[in-house]
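> One structure, as structure tokens, below. Some questions next.
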Amino acid sequence: MKKVFALLLALAMSLSLAACGGTGSGSGSGSSAAGSGSASSSGESGGKVYNVCNLVNGNLGDKSFFDSAESGLAELKAAGRIEYKTIEMGGTDEDQPSWLSTLYEVSESGEYDLIVCGTYQMPEYLDEVAAQYPDQKYLIYDSESSQPNVVNINYKQNDMGYLVGVFAANMTTDTNLEKINEDAVIGFVGGVDSPVINDFLYGFILGAQSVNADVKVDTRYTNDYVDTAIAKEYGLSMINDNKCDIIWGVAGNAGNGAAEAALESGKAWFIGVDSDQELTLSSDLAAITLTSGLKNIGNSLVWFFDQWDAGEDLFGQNILLGIAEGGVGIVTDKNFATYASDDTKAAVQAAQDGILAGEITVPTAIGDTSGAVADLREAVRP
């Protein structure tokens with residue numbers, strides 16, 4: 001069993017973690033982008049310059065995980081800390097057989113200090129290849145491998161959920177805003193009823209309750225991550241039957257069906273997840289997206305290299321990054337800046353400050369066997 005490495009070391013965060021814009025070019029399956037080349041022995045600061053291969057099981061230009069990872073690597077390259085090559089493997093069903101062969105190819109080459117990949121689709125391939133190349137180092141983000149030569153970077157979605165819950169609970173009673181009714185009812189459309197999804201939910205409910213102890217949260221699960229139709233059906237029911245006026249979609253692409261419900265009804269707002277969905281949704285859906293909870297992949301890669309350069313051996317461990325490490329957060333520009341009141345903005349900032357200071361500890365659904373999450377979920381149903 002890998003240890004959960006709960007690193008909340010504020011002193012490790014003296015770096016600037018502002019994500020850069022994606023710089024990769026090319027969109028075709030199997031194309032390469034960014035700063036390829038052999039690593040030199042030392043960088044501008046006198047430390048080692050690592051040679052990195054970034055495998056994208058999709059394409060750059062997603063304005064989400066892949067672009068975020070690319071921006072973190074580009075920041076590291078600009079600082080003279082790495083050289084890297086990005087290989088876009090394509091994301092269609094037809095592309096998937098190449099994911100395994102590409103992993104084998106770059107591992108067999110022996111030229112990379114670190115091979116990076118990510119998302120829930122890659123662990124099976126990575127487990128197979130990493131076992132065959134025990135001297136090769138790998139990093140996977142937003143997922144987990146079982147191999148000792150892989151560092152697993154994951155994110156404190158419970159902390160993110162708390163911030164989103166504070167925001168939603170403040171907004172749901174701000175009747176100065178169009179579409180907001182007087183009832184304190186918010187919604188959560190999750191993917192599968194699982195510990196990871198319920199980790200978002202746990203923080204969401206507790207954050208909302210910190211604002212209003214009587215808030216109601218309508219929780220539904222799509223049981224997959226692609227079916228927008230069922231999420232839309234659930235969203236319309238939440239809005240029309242229970243007067244829900246803000247819905248957080250935490251179900252991958254399926255969750256966007258809740259945004260469609262909010263738009264169609266004209267009576268609710270949407271909150272995105274993982275990436276800034278105001279940048280990825282169509283313009284009409286982006287217009288009713290108040291904010292998004294963020295997993296900052298690029299920041300986490302910079303964080304990892306800081307630890308590696310400091311002599312930390314994190315391979316074989318599952319690293320959980322929260323607000324302090326820049327791993328999670330909430331979008332605070334665009335619609336958030338436009339529609340949130342000064343009191344709401346202050347409440348979100350206070351929640352973030354409280355987590356950073358250790359004054360607020362958000363429990364996790366990961367590993368919880370007490371049934372606390374399920375009990376809380378049922379207690380707050382409208």
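> ³J(HN,Hα) across segment 98-115 via Karplus (A = 6.51, B = -1.76, C = 1.60, θ = phi - 60°), whole Hz, x for Gly/Pro?
6, 4, 5, 5, 5, 4, 4, 4, 6, 6, 5, 4, x, 8, 10, 6, 8, 10
> Show me the ranking of peptides 187-200, 340-353 by mean Cβ neighbours inside 10 Å, starting with the highest. Don't skip to the end; give the middle numbers.
Working: 187-200: 22.7, 340-353: 15.9.
The most tightly packed comes first, giving 187-200, 340-353.
> On the principal axes of its Cα set, how long, how wide and how thick is segment 167-223? Give whole Å, largest value first.
36, 22, 15
> Same structure, new question: Which angle from 0 to 90°, rounded to the nearest 10, does the C-alpha axis of helix 256-265 make with the longest principal axis of the chain?
With both axes taken from Cα atoms, the answer is about 30 degrees.
> Taking square-rooted eigenvalues a ≥ b ≥ c of the alpha carbon gyration tensor, is segment 55-105 rounded, prolate or oblate, where a/c under 1.5 means rounded and, failing that, a/b exceeding b/c means prolate? List each step's numbers first, then the result.
Working: a/c = 4.27, a/b = 1.65, b/c = 2.59.
Oblate.
> As a check on your grasp of the helix formula, calculate [θ] at 222 nm for the chain: sum -39500 (n - 2.57) over DSSP H runs of n ≥ 4, divide by the residue count, round to the nearest 500.
Values: 12 runs with 141 residues, N = 382.
Using -39500 (n - 2.57) per qualifying helix, the result is -11500 deg cm²/dmol.
> With the Cα gyration tensor of segment 115-260 in hand, give its eigenvalues times 5 under a square root as the equivalent ellipsoid semi-axes, listed largest first in whole angstrom. Before the final figure, lay out the partial values.
Details: eigenvalues 264, 55, 21 Å².
Square roots of five times the eigenvalues give 36, 17, 10 Å.
> Tell me, what is a quarter of the convex hull surface for the C-alpha atoms of the chain, in nm² with one decimal?
Its Cα hull, projected and averaged over all orientations, spans 18.1 nm².
> My understanding is that a pair violates if its Cα-Cα distance is over 23 Å; which of LYS267/LYS295; LYS63/LYS243; LYS85/LYS156; LYS216/LYS334; LYS267/LYS334; LYS243/LYS334 do that in this structure? Spell out each step's value before the answer.
Working: LYS267/LYS295 28 Å; LYS63/LYS243 32 Å; LYS85/LYS156 28 Å; LYS216/LYS334 27 Å; LYS267/LYS334 20 Å; LYS243/LYS334 26 Å.
As for pairs spanning more than 23 Å Cα to Cα, those are LYS267/LYS295; LYS63/LYS243; LYS85/LYS156; LYS216/LYS334; LYS243/LYS334.
> What is the local net charge at GLY298, summed over the other residues whose Cβ is closer than 9 Å to its Cβ (Lys, Arg +1; Asp, Glu -1)?
-3
> If you don't mind, there's one more thing I want to ask. So who's got an amide H within less than 5 Å of the one on ASP218, skipping anything under 5 residues away but keeping other chains? H placed 1.01 Å off N, in plane.
Placed amide hydrogens put ILE186, GLY187, PHE188 under 5 Å from ASP218.
> I've got another one for you. Could you list SER98, SER292, SER282 so that the one with the fewest beta carbons within 10 Å of its beta carbon is first and the one with the most is last?
Numbers: SER98 16, SER292 28, SER282 11.
With the fewest neighbours first, SER98, SER292, SER282 line up as SER282, SER98, SER292.
> Between GLY252, GLY367, GLY72, where does the largest GNM mean-square fluctuation fall for the chain, given springs only between Cα atoms within less than 10 Å?
GLY367
> Can you give me the distance in nm between label points at ALA350 and VAL192, each placed 7 Å from the Cα along the Cα-to-Cβ direction?
3.9
> Quick one, can you get me the convex hull of the C-alpha atoms of segment 85-146 expressed as volume per residue in Å³?
Working: hull volume 5.0 nm³, N = 62.
Measuring per residue, one finds 81 Å³ for the Cα hull of segment 85-146.
> Convert each backbone phi in segment 51-56 into a coupling constant with the Karplus relation 6.51 cos²θ - 1.76 cosθ + 1.60 (shift: θ = phi - 60°), then list the ³J(HN,Hα) values in order as whole Hz, x for Gly and Pro.
9, 10, 10, 9, 9, 10
> Taking the Cβ of PRO363 as the center, what net charge do the other residues with Cβ under 13 Å away carry, scoring Lys and Arg +1 and Asp and Glu -1?
Details: positive: LYS156; negative: ASP159, ASP199, ASP368, ASP375.
Computed value for this residue: -3.
> How large is the translational diffusion coefficient of segment 274-382 in µm² per second when you combine the Kirkwood radius over alpha carbon pairs with Stokes-Einstein at 20 °C and 1.002 mPa s? Could you put the intermediate results ahead of the total?
On the way: Rh = 16.9 Å.
Answer, rounded: 127 µm²/s.
> When averaged across all projection directions, what area in nm² does the alpha-carbon convex hull of segment 227-282 cover?
On the way: hull surface 13.2 nm².
Mean projected area of the Cα convex hull: 3.3 nm².
> Moving on. Projected area of segment 208-324, taken from the Cα convex hull and averaged over every viewing direction, in nm²? Walk me through the numbers before you get to the answer.
On the way: hull surface 37.7 nm².
Seen from a random direction, the Cα hull of segment 208-324 projects 9.4 nm² on average.
Every number here is computed from the coordinates shown, using simple stated rules; none is lab data. Please read these numbers as outputs of a predicted model, since none were measured by experiment. Here the Cβ is made from the backbone with ideal geometry for all residues, glycine too, and neighbour counts use every protein chain on show.
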